[in-house]
Amino acid sequence: MRSFILSGHLTPGERLTEAAIAGHLGVSRATVRTGMHRLASEGILVQIPYTGWQVATITAKDAWELWTLRGSLEGLAAQLVCQSADDRKRNKIQIAFDALKAAVSASDIDTVNDCDFNFHRTIVELADHSRLLDQYIMVENQIRLYIEVSNKLLENNLKAIIKQHAPLTKALLESDATQAQFEAWNHNFTEGQKLVKTLQRKN
């Protein structure tokens, strides 16, 4: 259910019914109901009393909270990765970035979203900081939804996503801790501000 919702097949605010999801996934309604409550606790579904469920929406405030939190966590992670950099870590970063480039080249927005998230998750994992990773995992599904909404603004210009990530990748591969921390924050700041302004105009 989580993968289906975060794959981009459903849009933020879209209504869901237990029967429809159960039929689509081939599971019982009881299983779907349990899963929906779990996803609500993760912040990607919202239960509407007496009505049903809907995919969580991203408001301007949500976007601001998520990019500032991401910027802080990912900035620290980038700095730590550089401070303990080795060939294994640099190779994993290069692989994650290459996967993102391949998805962009294929113009596959769903795969782009997955690779975008995986790039950032890779950095956090490579920081070797278990408590930092735990905090990131707590909000990672909200981050996935945020990335989906943010990248939709670039659906007709996916190459811009590569340009967004290139400076951070360069700093990480060069093990420049100060620059990597700055680029991680700046990436979140720049793209986060764009999304906030877009959402403000819609409201």
Within segment 7-33, can you find the residues that are surrounded by 13 or more Cβ atoms within 10 Å (Cβ to Cβ), hydroxyl-bearing (S, T, Y) and more than 22 Å from S150 (Cβ to Cβ)? T17, T31
Within segment 26-53, residues in a helix (DSSP H, G or I), more than 20 Å from Q142 (Cα to Cα) and out of contact with any helix residue (DSSP H, G or I) (no Cβ under 7 Å at 6 or more places or on another chain) come out as A30, T31
Can you name every residue in segment 81-102 that is under 12 Å from N118 (Cα atoms) and among the aliphatic types (A, V, I, L, M)? I93, I95, A96, A99, L100
Quick check: anything in segment 117-127 loosely packed, with under 14 Cβ neighbours inside 10 Å, under 15 Å from the mean Cα position of the chain (by Cα) and in a helix (DSSP H, G or I)? no
Test for R131: is it over 19 Å from T169 (Cβ atoms) and in a helix (DSSP H, G or I): yes
Residue pairs within 6 Å by beta carbon, gap of at least six or interchain, first lying in segment 183-203 and under 16 Å from I143 (Cβ atoms), second open to solvent by 60 Å² or more (accessible area, probe 1.4 Å) and assigned to a helix (DSSP H, G or I), listed first then second, are V196/W64
I'd like the residue in segment 69-116 that is in a helix (DSSP H, G or I) and of a type in the set (D, E) and, out of all such residues, is most open to solvent (accessible area, probe 1.4 Å). D87
Residues of segment 1-56 being at pLDDT below 80 and either touching a Phe, Trp or Tyr at 6+ places or on another chain (Cβ under 7 Å) or of a type in the set (D, E, K, R) (or both), in sequence order, are R2, E42
Go through segment 38-58 and give me each residue that's open to solvent by 30 Å² or more (accessible area, probe 1.4 Å), more than 27 Å from C115 (Cα to Cα) and not β-branched (V, I, T). Q47, P49, Y50
What is the number of the single condition among (1) more than 14 Å from the chain's Cα centre (by Cα); (2) surrounded by 15 or more Cβ atoms within 10 Å (Cβ to Cβ) that E65 does not meet? (1)
When both residues are 6+ apart or on different chains and their Cβ atoms are under 6 Å apart, which pairs have a first residue that lies in segment 38-54 and is closer than 11 Å to R2 by Cα, and a second that is at pLDDT 80 or above and aromatic (F, W, Y)? L45/W53
For residues that are open to solvent by 40 Å² or more (accessible area, probe 1.4 Å) and of a type in the set (V, I, T), scanning just segment 143-202, find the one that is farthest from T11 (Cα to Cα). T178
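The values are calculated or read from the model by the stated rules, or taken from the named source; none is laboratory data. Everything numeric here is computed off the predicted structure, so don't read it as measured data. We place every Cβ from the backbone using ideal geometry, glycine too, and count neighbours over all the protein chains shown. Surface areas here come from the heavy atoms of the whole protein model, side chains and all, with no ligands, DNA or RNA. Shrake-Rupley method; radii C 1.70, N 1.55, O 1.52, S 1.80 Å.
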